[in-house]
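J.: Questions regarding the structure given below will be posed in turn.
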Amino acid sequence: MFFRIKNFFLFCFFCITSGCILVSFYIFITYPKLPDVRSLDFYRPSTPLQIFDRNGSLITKIGVEKRIFISEEETPPLLVSAIISAEDENFFNHFGIDLLGIIRATIANISSGSIVQGASTITQQVARNFFLSNKKSYMRKINEILLAIKIDKTLAKSKIMNLYINQIYLGQRSFGFASASETYFGKKLTDLNLAEIAMLAGLPKAPSRSNPVSNFSKAKNRQLYVLKRLLKLNYIDPLDFEVAKSSPIVINNNIGNSKTIGSEHFTEHVRQLIYKIKGESAYKNGYKVFTTLSSDFQDYGYSALRNGLLNYSNNDKEIPFVIKNISNIDFTDTNKLIEILDPFPVSNDVLPSIITRVDEDNIEFYSNKTDLIKVPKSLMLSEKFTEKDMATISKGGVIYIRFTEKSISFIKFPKVQGALVSIDPNNGEVLSMVGSFDYYLKQFNHVTQSNRQPGSSFKPFVYSAALEKGFSPSTLINDAPIAVDQINTGEEIWDPKNFRDDYVGLISMRNALVKSKNLVSIRIIQAIGAKYAQNYIQKFGFLKKNHPPYLTMALGAGTVSPMDLALGYSVFANKGFRIKPKYIKKIEDFKGNVIYSDSNSYSKKKRVITERNAFVMFNMLQDVIKVGTGKGAKKIGRIDLAGKTGTTNEQRDAWFSGFQPNLVSVVWVGFDTPKSLGANQTGSSLALPIWISYMEKALENYSEELIVAPNNIKAVAISSKNAITGKVENKIDYFFAENVPIKTNLDESNENLEDLYYEIY
């Protein structure tokens with residue numbers, strides 16, 4: 001027996017000795033080959049592309065990794081204490097490794113037969129993050145230990161801690177604590193309180209699974225652990241602990257990159273432009289891109305479009321709020337409720353929710369962004385909901401709710417889409433761009449990528465062509481039914497109608513535009529020639545291939561994007577110049593050197609129509625707002641507004657394109673797969689209210705302007721008979737100097753209109 005025990009110990013001694021010799025030999029061979037850790041002294045992390053608005057405010061950061069570098073001096077001391085408490089309490093005392101921790105981990109790993117513990121110090125984590133993989137193996141662990149010792153010998157402790165703070169992965173694509181602070185809390189690292197710091201310090205252990213977005217309860221548990229450790233190690237006192245433990249944590253709702261909500265389509269467009277120039281380096285080298293975007297205008301546009309689309313989706317007399325019914329579950333089980341809600345899309349302030357309780361007075365529901373909310377029934381009934389509507393709402397119903405600053409409401413999630421774009425017509429700078437209801441649900445940018453029929457929004461460009469063929473605003477044109485053969489349509493026999501199927505006979509071109517008379521536009525195309533019109537519209541930037549030379553062009557049967565229309569209307573707004581859209585003002589490298597500026601790359605604007613043509617069109621389009629289909633815009637209370645509604649066949653697309661000398665804005669509403677918006681859903685009822693909501697705020701930045709006629713325009717008093725009163729009235733109209741009518745007065749008895757007007761049949 002004695003010999004058996006002796007032999008066993010001898011065997012163990014031999015194994016240990018051999019192991020030590022082998023490890024020593026491995027260290028002897030490996031240590032000189034380890035990376036030169038002195039390079040860490042000059043560490044600068046890969047920095048993402050930064051995009052700013054026109055005022056220099058950060059909009060977003062784009063990169064494979066979210067990073068914000070923070071210096072040692074800027075780092076909050078409490079953060080250092082929290083990290084040490086959670087990860088490595090002996091950090092300032094050991095030589096890069098914690099021997100006791102290694103022994104504990106080794107025993108645990110041998111016992112389990114696999115690597116279950118790492119006992120990594122902060123220095124070891126730095127070594128792994130900069131020089132090694134995350135693969136669990138004994139050789140990797142030995143290399144990690146050796147590198148940690150080498151790093152500790154080479155760098156100051158404060159430098160090692162700074163490397164850790166800037167490099168560690170903390171979930172949601174965030175690397176470093178400064179980036180994580182903005183991701184989770186929307187704050188700078190220096191602005192965090194103890195509760196928030198503790199939550200961040202708890203993330204390194206399981207950043208992907210236990211961050212406050214993925215699993216708030218686990219993140220909260222880790223926060224409590226860190227606070228207890230801080231208290232135990234005397235970094236905080238009991239009062240600090242109690243206050244931090246009970247402090248509410250508000251997670252950043254805009255968990256994406258964008259600081260300006262709703263700007264994602266714009267920034268994505270800019271990203272694509274930068275990528276064409278810089279390739280993959282665009283996301284690593286810290287370029288700063290200063291754009292044309294106005295954050296205020298973007299907020300106005302985003303809000304206006306979303307409200308308009310939500311209003312359209314929820315204007316039914318009877319609204320089926322409940323989209324699914326759930327039963328036989330524990331309504332106190334938060335994880336189960338989250339699982340049920342997960343398939344339903346979330347859009348900023350529009351959230352899927354589950355009704356968890358209904359009693360005589362209140363409705364209680366759960367949303368994974370808000371926890372439990374209780375709403376009095378009286379509040380719901382005081383809005384637009386009837387007892388019948390409320391009767392459909394019961395426990396287990398999945399509904400959508402919308403949070404605003406002033407209210408909570410039940411809604412239907414919109415299926416309709418829309419777009420809004422606003423530009424400066426004098427230089428092409430894009431001031432706002434909203435490409436869909438929600439970028440994260442629909443990345444397709446309807447402003448630049450969607451080609452739809454413009455309907456009557458296209459008529460002004462045909463009218464502009466007619467002015468160059470001798471027409472004037474007072475030219476009389478026959479508003480009467482017409483049948484067009486295949487030669488002139490390119491398709492089958494065409495029997496076009498006015499929108500309301502009403503016809504007035506002879507009508508001036510001005511009034512025809514104001515009332516959006518389809519038959520008049522067709523007769524204009526007949527008179528000037530479809531080929532001529534097709535060539536002419538190129539002046540505004542429209543492509544010939546998208547507008548075949550048929551009479552249907554008069555009614556906007558071709559295709560345009562909202563951006564196309566905005567650029568086209570800019571020609572009327574800026575007195576006849578064609579412009580290109582501009583998104584970028586300048587680009588700086590990470591040192592602040594200007595490497596690109598619009599001043600040395602943008603071409604001058606090009607005159608494409610005469611100033612007098614632009615003036616006459618501006619003047620006629622002003623009447624659309626004064627007395628025509630766009631008269632709803634009169635509520636803005638300005639005299640310098642002009643625009644045109646547009647509605648396509650079967651009300652598949654609704655448009656409003658409006659402008660003044662310094663701002664052009666276009667709104668489109670429709671379904672991605674074209675279908676009717678509804679019998680009475682037009683540009684006036686759908687697109688115009690969105691345009692008004694946006695422009696009311698945007699135009700606060702612009703002084704009202706008087707639109708003055710150029711020298712080669714003549715103002716003439718035109719006499720015409722009022723169709724209702726039968727009296728002759730004089731009105732001022734504008735003519736090209738060479739087209740002024742010889743006769744400017746009309747007796748009540750004189751029925752010969754040919755002396756005064758052109759007549760087209």
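The values are calculated or read from the model by the stated rules, or taken from the named source; none is laboratory data. The structure presented is a predicted model; accordingly, all values stated were derived computationally and were not measured. Counting neighbours? That spans all protein chains shown, and the Cβs are built from the backbone with ideal geometry, glycine included.
J.: Go through the range 47-90 and give me each residue that's among the acidic types (Asp, Glu) and touching a residue at least 60 places away in the same chain (Cβ under 8 Å).
T.: Within the range 47-90, Asp53, Glu65, Glu72, Glu74, Glu87, Glu89 qualify.
J.: Mind counting the residues in the range 524-536 that are surrounded by fewer than 23 Cβ atoms within 10 Å (Cβ to Cβ) and part of a helix (DSSP H, G or I)?
T.: Residues meeting the conditions: 9.
J.: Further question: Quick one: how many residues across the range 143-176 are surrounded by fewer than 20 Cβ atoms within 10 Å (Cβ to Cβ), part of a loop (DSSP other than H, G, I, E, B) and either in contact with a Lys or Arg (Cβ under 6 Å, 6 or more places away or on another chain) or charged (D, E, K, R) (or both)?
T.: Of the residues in the range 143-176, 1 are surrounded by fewer than 20 Cβ atoms within 10 Å (Cβ to Cβ), part of a loop (DSSP other than H, G, I, E, B) and either in contact with a Lys or Arg (Cβ under 6 Å, 6 or more places away or on another chain) or charged (D, E, K, R) (or both).
J.: What number goes with the only condition from (1) buried (at least 17 other Cβ atoms within 10 Å of the Cβ); (2) among the hydroxyl-bearing types (Ser, Thr, Tyr); (3) not assigned by TED's automatic domain parsing to the domain that holds Asp53 that Tyr287 does not pass?
T.: All conditions pass for Tyr287, except number (3).
J.: Let me ask something else about it. Checking Thr183 against (1) over 29 Å from Glu268 (Cβ atoms); (2) polar (S, T, N, Q); (3) in contact with a Ser or Thr (Cβ under 9 Å, 6 or more places away or on another chain), which test does it fail?
T.: (1)
J.: Moving on. Taking into account only those residues within the range 73-91 that are acidic (Asp, Glu) and not in a helix (DSSP H, G or I), which is surrounded by the fewest Cβ atoms within 10 Å (Cβ to Cβ)?
T.: That would be Glu73.
J.: Evaluate the following for Ala219: is it within 26 Å of the chain's Cα centre (by Cα) and not assigned by TED's automatic domain parsing to the domain that holds Gln124?
T.: No; evaluated as a whole, the condition is false for this residue.
J.: Same structure again: Among Ser46, Ser85, Ser81, which is at pLDDT below 90 and either under 30 Å from Ile145 (Cβ atoms) or of a type in the set (D, E, K, R) (or both)?
T.: Ser46
J.: On to the next question. Which condition from (1) within 15 Å of Thr121 (Cα to Cα); (2) outside the structural domain of Thr123 (by TED's automatic domain parsing) is the one that Phe175 breaks?
T.: It fails just one condition, (1).
J.: Let me ask something additional. Go through the range 95-105 and report how many residues are surrounded by fewer than 19 Cβ atoms within 10 Å (Cβ to Cβ) and either touching an Asp or Glu at 6+ places or on another chain (Cβ under 7 Å) or modelled with pLDDT of 90 or more (or both).
T.: Counting residues in the range 95-105 that are surrounded by fewer than 19 Cβ atoms within 10 Å (Cβ to Cβ) and either touching an Asp or Glu at 6+ places or on another chain (Cβ under 7 Å) or modelled with pLDDT of 90 or more (or both) gives 1.
J.: Need the failing condition index for Ser303 against (1) farther than 30 Å from Lys591 by Cα; (2) in the same structural domain as Phe671 (by TED's automatic domain parsing), just the number.
T.: Going through the list (1) farther than 30 Å from Lys591 by Cα; (2) in the same structural domain as Phe671 (by TED's automatic domain parsing), Ser303 breaks only (2).
J.: Can you confirm whether the range 485-500 contains a residue that is in a helix (DSSP H, G or I), outside the structural domain of Gly646 (by TED's automatic domain parsing) and in contact with an Asp or Glu (Cβ under 8 Å, 6 or more places away or on another chain)?
T.: Checked against the condition, which is being in a helix (DSSP H, G or I), outside the structural domain of Gly646 (by TED's automatic domain parsing) and in contact with an Asp or Glu (Cβ under 8 Å, 6 or more places away or on another chain), the range 485-500 yields at least one hit.
J.: Now, a different point. Go through the range 291-315 and report how many residues are at pLDDT 95 or above and not in a helix (DSSP H, G or I).
T.: Of the residues in that region, 4 qualify.
J.: Out of everything in the range 246-270 that is modelled with pLDDT of 90 or more and in contact with a Leu (Cβ under 7 Å, 6 or more places away or on another chain), what residue ends up being surrounded by the fewest Cβ atoms within 10 Å (Cβ to Cβ)?
T.: Here the residue is Ser263.
J.: Same structure, new question: If you check Lys644 against the conditions, is it more than 21 Å from Val416 (Cβ to Cβ) and assigned by TED's automatic domain parsing to the domain that holds Leu431?
T.: So Lys644 passes the test.
J.: Hey, another quick one. Which residue pairs have Cβ atoms closer than 7 Å, lie 6 or more positions apart in sequence or on different chains, and pair a first residue in the range 464-486 that is within 19 Å of Ser508 (Cβ to Cβ) with a second residue that is assigned to a loop (DSSP other than H, G, I, E, B) and not hydroxyl-bearing (Ser, Thr, Tyr)?
T.: These pairs meet every condition: Ser464/Ile609; Asp479/Val504; Asp479/Lys517; Ile482/Pro496.
J.: Across the range 177-233, what is the number of residues that are of a type in the set (Ser, Thr, Tyr) and surrounded by 15 or more Cβ atoms within 10 Å (Cβ to Cβ)?
T.: Residues flagged as of a type in the set (Ser, Thr, Tyr) and surrounded by 15 or more Cβ atoms within 10 Å (Cβ to Cβ) within the range 177-233 amount to 6.
J.: Do we find that Asp342 is over 21 Å from Phe413 (Cβ atoms), outside the structural domain of Ser685 (by TED's automatic domain parsing), charged (D, E, K, R) and surrounded by fewer than 21 Cβ atoms within 10 Å (Cβ to Cβ) in this structure?
T.: no
J.: A follow-up question, please. Is there any pair linking a residue in the range 440-456 that is at positive phi to one that is in a helix (DSSP H, G or I) and among the polar types (S, T, N, Q), with Cβ under 9 Å and at least six apart or on different chains, and which?
T.: Once the first residue is at positive phi and sits in the range 440-456, its partners that are in a helix (DSSP H, G or I) and among the polar types (S, T, N, Q) give Gly455/Asn649.
J.: Next question, about the same structure. Which residues, taken from the range 580-598, are more than 14 Å from Val270 (Cβ to Cβ) and among the basic types (Lys, Arg)?
T.: Once the filter is applied, which keeps residues that are more than 14 Å from Val270 (Cβ to Cβ) and among the basic types (Lys, Arg), the range 580-598 yields Lys580, Lys591.
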